[in-house]
1. What FRET efficiency would be calculated for the residue pair Ser62, Asp192, taking the C-beta separation as r and a Förster radius of 30 Å, to the nearest 0.05?
2. If the reach is capped at under 26 angstrom between alpha carbons, list the lysines near Lys47, excluding any in the same chain fewer than eight residues apart.
3. For the residue pair Ala140 and Asn254, what label-to-label distance in nm results when each label sits 7 Å from Cα along the Cα-to-beta-carbon direction?
4. Once you place label points 7 Å from the Cα toward the Cβ at Asn310 and Phe338, how far apart are they in nm?
5. Assuming 0.36 nm per residue, please report the length gained on full extension of the stretch Lys278 to Leu293 beyond their Cα-Cα distance.
6. Between Leu97 and Phe151, what length in nm is gained on full extension when 0.36 nm per residue of separation is reduced by their alpha carbon distance?
7. Can you tell me which of 99-105, 143-149, 231-237 comes out highest on packing, and rank the rest after it, using the mean Cβ neighbours within 10 Å?
8. Taking the Cβ of Asn226 as the centre, find all other residues whose Cβ is under 15 Å away and add up their charges (Lys, Arg: +1; Asp, Glu: -1).
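Values quoted throughout were computed directly from the atomic coordinates according to the rules given, and no laboratory measurement underlies them. What you are looking at is a predicted structure, and each value in this text was computed from that prediction instead of being measured. Backbone-built Cβ (ideal geometry, glycine too); neighbour counts: all protein chains shown.
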Amino acid sequence: MDSLSNIFNSIIGNIYLKFLFILVVSTLVALIVKFIVRQVLKPLAKKTKTKIDDLVIKSISSIIFYVVIVLGFKVGIQHFEFETAVYSSIVNSLFILIIVVMLLRIITNFSKHWLSEWASKTESTADDRLIPLVAKILKAITIILGFFFIFDTWNINLSPLLATAGIAGIAIGFAVRDSLANILGGIQLVLDKTFKVGDKVELESGEMGEILDIGIRSTKLRTYDNEVIYIPNGSLANTKIKNFTVPDLTVRVNVNFGVEYGSDPEKVRSVVLDAIKKIDTVIEPPEPVVQFLNMGDSSLDFVARVWVKNWTEAYSTKLTVTDEIYNALNKANIGIPFPTRTIYTKSDD
């Protein structure tokens, strides 16, 4: 016991031996921590439902060893009296770099996971481009903050650099303002789920068509004349959009028609309903209805309302309903008027 006590006292009294002792202990601790992370925490993380713990452990498992080593080295050099500030700055810089590398790995692993789990489930390319873009932005922010902390460790004044960067940032912001608005608009469209690829939409400006793609900067809309319109996402995010596919794919088709004065409204309803209920694309429920709207200038105005199971059948069904109503009215001898004007003339006699 006395010999062990003497050895320990000699180690404590000698700063070099103390430094070596701390490094050996920190190495052992680092090996133990690495073993626990890989052999204990990893299997436990696989048993949980969430993938977050798996990704975090995967990111830190290969670098946690160096974190503990650097921390031990940082504790060890504090006992030296010569050039302590310089060595302390070096060790702090190494520690910051290791933390930056660990954060970059976490961002990379999370972006890959989200790209495979989330973006692959959607037909839109916006999230395919958005996730890597966000990952790059987070990596850039992490690296910049890392350099700021390193500069602060070496007592380097960053005020002039920050002032220059602020002026340059304002200039760049004005230059790319529209592009940033479109990118943020694309992010908003993806997060709000305003529409998805394949949806039929009508814009406030009147364009109607099918969504081909939702990009990070613009959205492609194919009209029914087979024209592709590229719309900036910044404009889409601030306009009214009618989506025909929500809350579900069913859509109502309205066909207006008129009959001549003197016609029996009940007979008109009966004749038209019998005709449109036979159309294959018309679904029930909701049942088709024929409504007497008003007494117009030259006709009694009606509307036939039917439902179809998919918006892709709406236009063809409207044409079929129009044909069937015309034929049914003619067959039932119900007159279909055309606009007329009665002119009265007065002679001097």
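1. That pair, Ser62 with Asp192, gives E of 0.20.
2. Lys34, Lys58, Lys112, Lys121
3. Once both label points are built, they end up 4.9 nm from each other.
4. In this crude label model, Asn310 to Phe338 measures out at 3.9 nm.
5. 3.1 nm
6. Full extension from Leu97 to Phe151 adds 18.2 nm.
7. 231-237, 99-105, 143-149
8. -1
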